[in-house]
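So the structure is just underneath, and the comments pick up after that.
Computed from the coordinates by the stated procedures, all read-outs in this text should not be read as laboratory data. Computed from a predicted structure; not experimentally measured. Reconstructed Cβ throughout: ideal geometry from the backbone, glycine too, with neighbour counts over all protein chains shown.
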Amino acid sequence: MGEKKVLILMGSDSDLPVMKAAAEALSEFGVGCDVRVLSVHRAPAQALEAARTARDAGYRVIICGAGMAAHLGGAVASQTVLPVIGVPLESGALQGLDALCSTVQMPPGVPVATVAIGGARNAGILAVQILATADDRLAAELAKYKERLTEQVLAKDRKVREEMAKGGGTAK
């Protein structure tokens, strides 16, 4: 695995089953990461210190996952110049809508790039895309990845069209 360029933070260990997808996506591209549980509500000094020192520690992107109205991504973004990607997590009565709104609605000057509720895999891929702006190897790997996505969709298209043609459907 390459040097650890991405820091993944989550507010609770219960977030790990979802946030693992970000680490797995990074691993597919050979990008190393550290994964930590640091709540800005229950361990604020440690969470904010991790954000303040992330760049000096060699990280280039931070991914934050939090549920309910917890605002880990925003608090972290306020303490670093690094890009922060927020992953709203499904939890509580609002099923992640509160987390989505608290992550995406940032004041001017403190952006948090936000993926879908539970979209940790896309957060990992977005982190790779950010890193690829200065890394030709990653850019080439991303291009291959996008080609594989296209091939997968076209294979599914062929299968559906064949199935519809056999069954009397009119797939064109």
- With 0.36 nm assigned to each residue of separation and the Cα-Cα distance removed, E147 to L16 gains 44.2 nm
- Message: From the helices alone, meaning DSSP H stretches of at least four residues, give me the mean residue ellipticity at 222 nm for the chain, per-run term -39500 (n - 2.57), in deg cm²/dmol to the nearest 500.
- Response: -15000 deg cm²/dmol
- Can you spot the lysines whose alpha carbon is less than 17 Å from K159's alpha carbon? Ignore those fewer than 8 places along the same chain. K172
- So which lysines can K166 reach, going by Cα to Cα under 20 Å and dropping same-chain residues fewer than 8 places off? K156
- Task: Please give the residues of the stretch 1-22, grouped as numeric ranges, whose backbone N is less than 17 Å from a label point set 7 Å along the Cα-to-Cβ vector of R55.
- Result: 5-7
- Task: Would you mind computing, in nm to one decimal, how far apart the modelled labels at T133 and A43 are, each placed 7 Å from Cα along Cα→Cβ?
- Result: 3.0 nm
- Message: How large are Rg and Dmax for the stretch 43-172 when calculated on the C-alpha trace, in angstrom?
- Response: 19.6, 65
- What FRET efficiency would be calculated for the residue pair Q95, E24, taking the C-beta separation as r and a Förster radius of 25 Å, to the nearest 0.05? 0.60
- Given 0.36 nm per residue, what is the gain on full extension from V81 to R36 after removing their alpha carbon distance, in nm? 14.3 nm
